[in-house]
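J.: The structure is given below, and queries will be raised subsequently.
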Amino acid sequence: MSFLFSQSPPLQAAIIGANRGIGLGFIRHLLRDSRIGTIYGTYRHGERAQDLLQLAQSGSDRLIPVQLDVTQESELAQWSDRLGQQHQQLHLLINCVGVLHDGPDIQPEKSLRQIDSDRLLHYFRINSIPSVLLAKHLMPLFRHQQPSLFASISAKVGSIGDNDLGGWYGYRASKAALNMLMHTTAIEYARRCPQTCVICLHPGTTDTDLSQPFQRNVPPGKLFPVEKTVAQLMEVIETRTLDDSGQFFSWDGRPLPW
Ligand SMILES: NC(=O)c1ccc[n+]([C@@H]2O[C@H](COP(=O)([O-])OP(=O)(O)OC[C@H]3O[C@@H](n4cnc5c(N)ncnc54)[C@H](OP(=O)(O)O)[C@@H]3O)[C@@H](O)[C@H]2O)c1
């Protein structure tokens, strides 16, 4: 029996970074799941969120698009206040925001020669900090007695124990920092939101804009379509219990080393 879905539906969900890639995949998947009620889907720019906005317009009043930049703490605080005033609760949150490359200045480093402090900070600002800001500002929405789960999409390359290849300094380090921030959050949530399981997830290499420039090195069969990644991650989510809080799981449910 699933811990998260052991309660009576509907559950309230929030997908952060829902405008494209894995986040948009979660939106499509959850819209087909009758156990889920309201789904908040966040995006930064309307012009980059046409698919999400169209899904909301084309019939589903369960989907509520929210314009929000998770790197801006004041915007998160305002959203949390709005939800609190409406007496909303959350049972499932998945933060899908992340960056690996972004124009000529943000490309993963191949060597120490390419280390640049602004680029490192850019990776940390997007890949590490938003999840802990979400945990801080949305904590009141998880302070209830129903089973809940707070997931951050991390990456196996953020595992220090698994790093035999090197390179990608900023991306790796920012995901390692995300993992530590979420492990620490899990310890505090166990006291303050004791029904919320906090986990990090590795999605596997998935066919999105993020992996696109690096796909030629991926062995056949190891590049997952978004739908497959989302179905696999939902299986991992459904089979977690509170005992799993604070851990880092791969797409196939295996725990990953820190
Ligand atoms: N795809 C893979 O193979 C793979 C493998 C391992 C881990 N991951 C992780 O999985 C998660 C989802 O990745 P994806 O493949 O779905 O990537 P994606 O298609 O590139 O989507 C990235 C998401 O992050 C948001 N984002 C990017 N830069 C941002 C910024 N500066 N401020 C705020 N939001 C920003 C994007 O919003 P905008 O459209 O507004 O930029 C978008 O919603 C990421 O955490 C990634 O690290 C992916």
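J.: Which one is farthest from the ligand (Cβ to nearest atom) among residues in the range 204-236 that are in a helix (DSSP H, G or I) and farther than 19 Å from R28 by Cα? Steps first, please.
T.: Quick first cut of the range 204-236, residues in a helix (DSSP H, G or I) only: 212-217, 226-236.
Those left that are additionally farther than 19 Å from R28 by Cα: 212-217.
Values: Q212: 8, P213: 11, F214: 8, Q215: 9, R216: 13, N217: 12 Å.
Here the answer is R216.
J.: Here is a follow-up. For the range 128-186, which residues satisfy the criterion of being within 20 Å of T205 (Cβ to Cβ) and of a type in the set (F, W, Y)?
T.: From the range 128-186, those within 20 Å of T205 (Cβ to Cβ) are 151-176, 178-179; that's our starting set.
The answer is W168, Y169, Y171.
J.: Also, quick follow-up: Being without any contact (Cβ under 8 Å) to a residue 60 or more places away in the chain and assigned to a helix (DSSP H, G or I) is the filter; apply it to the range 239-248 and report the residue that is surrounded by the most Cβ atoms within 10 Å (Cβ to Cβ).
T.: D244
Conditions tested, residue by residue: (1) surrounded by 13 or more Cβ atoms within 10 Å (Cβ to Cβ); (2) in contact with a Leu (Cβ under 8 Å, 6 or more places away or on another chain).
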position	(1), (2)
R172	yes, no
T205	yes, yes
D209	no, no
I237	yes, yes
S250	yes, yes
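J.: Further question: Touching a residue at least 40 places away in the same chain (Cβ under 8 Å) and either within 15 Å of the ligand (Cβ to nearest atom) or not in a loop (DSSP other than H, G, I, E, B) (or both), is that true of S74? Quick ask: steps written out before the conclusion?
T.: Working: touching a residue at least 40 places away in the same chain (Cβ under 8 Å): no; either within 15 Å of the ligand (Cβ to nearest atom) or not in a loop (DSSP other than H, G, I, E, B) (or both): yes.
Here the answer is no, as S74 does not meet what is asked.
J.: Follow-up. Just checking, does the range 58-67 include any residue being assigned to a helix (DSSP H, G or I), within 16 Å of the ligand (Cβ to nearest atom) and not small (G, A, S)?
T.: From the range 58-67, those assigned to a helix (DSSP H, G or I) are none; that's our starting set.
Checked against the condition, which is being assigned to a helix (DSSP H, G or I), within 16 Å of the ligand (Cβ to nearest atom) and not small (G, A, S), the range 58-67 yields no hits at all.
J.: I've got another one for you. Can you work out which of the residues in the range 145-159 that are crowded, with 20+ Cβ neighbours inside 10 Å and away from the ligand (no atom under 15 Å from the Cβ) is nearest to Q232 (Cα to Cα)?
T.: It comes out as L149.
J.: Follow-up question, since we're still on this one. Of everything in the range 1-59, what is of a type in the set (F, W, Y) and touching a Ser or Thr at 6+ places or on another chain (Cβ under 6 Å)? Give them in sequence order. Explain how you work it out, then say what you get.
T.: Of all residues in the range 1-59, those of a type in the set (F, W, Y) come to 3, 5, 26, 40, 43.
Of everything in the range 1-59, just one residue is of a type in the set (F, W, Y) and touching a Ser or Thr at 6+ places or on another chain (Cβ under 6 Å), namely F3.
J.: Can you confirm whether L201 is outside any loop (DSSP other than H, G, I, E, B), buried (at least 18 other Cβ atoms within 10 Å of the Cβ), under 14 Å from the mean Cα position of the chain (by Cα) and within 16 Å of the ligand (Cβ to nearest atom)? Before the answer, list the steps.
T.: Details: outside any loop (DSSP other than H, G, I, E, B): yes; buried (at least 18 other Cβ atoms within 10 Å of the Cβ): yes; under 14 Å from the mean Cα position of the chain (by Cα): yes; within 16 Å of the ligand (Cβ to nearest atom): yes.
Yes.
J.: Examine the range 123-138 for a residue that is within 11 Å of the ligand (Cβ to nearest atom), under 19 Å from E75 (Cα atoms), of a type in the set (K, R) and out of contact with any helix residue (DSSP H, G or I) (no Cβ under 8 Å at 6 or more places or on another chain), and state whether such a residue exists.
T.: yes
Yes/no per residue for (1) away from the ligand (no atom under 15 Å from the Cβ); (2) in contact with a Lys or Arg (Cβ under 9 Å, 6 or more places away or on another chain); (3) modelled with pLDDT under 95:
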{"site": "A13", "(1), (2), (3)": "yes, no, no"}
{"site": "N19", "(1), (2), (3)": "no, yes, no"}
{"site": "H29", "(1), (2), (3)": "no, no, no"}
{"site": "R44", "(1), (2), (3)": "no, no, no"}
{"site": "A49", "(1), (2), (3)": "no, yes, no"}
{"site": "L55", "(1), (2), (3)": "no, yes, no"}
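J.: Return a yes/no flag: does the range 39-52 have any residue that is closer than 16 Å to A13 by Cβ and either among the aliphatic types (A, V, I, L, M) or touching an Asp or Glu at 6+ places or on another chain (Cβ under 6 Å) (or both).
T.: yes
The values are calculated or read from the model by the stated rules, or taken from the named source; none is laboratory data. Keep in mind that this is a model prediction, so the values were computed, not measured. Counting neighbours? That spans all protein chains shown, and the Cβs are built from the backbone with ideal geometry, glycine included.
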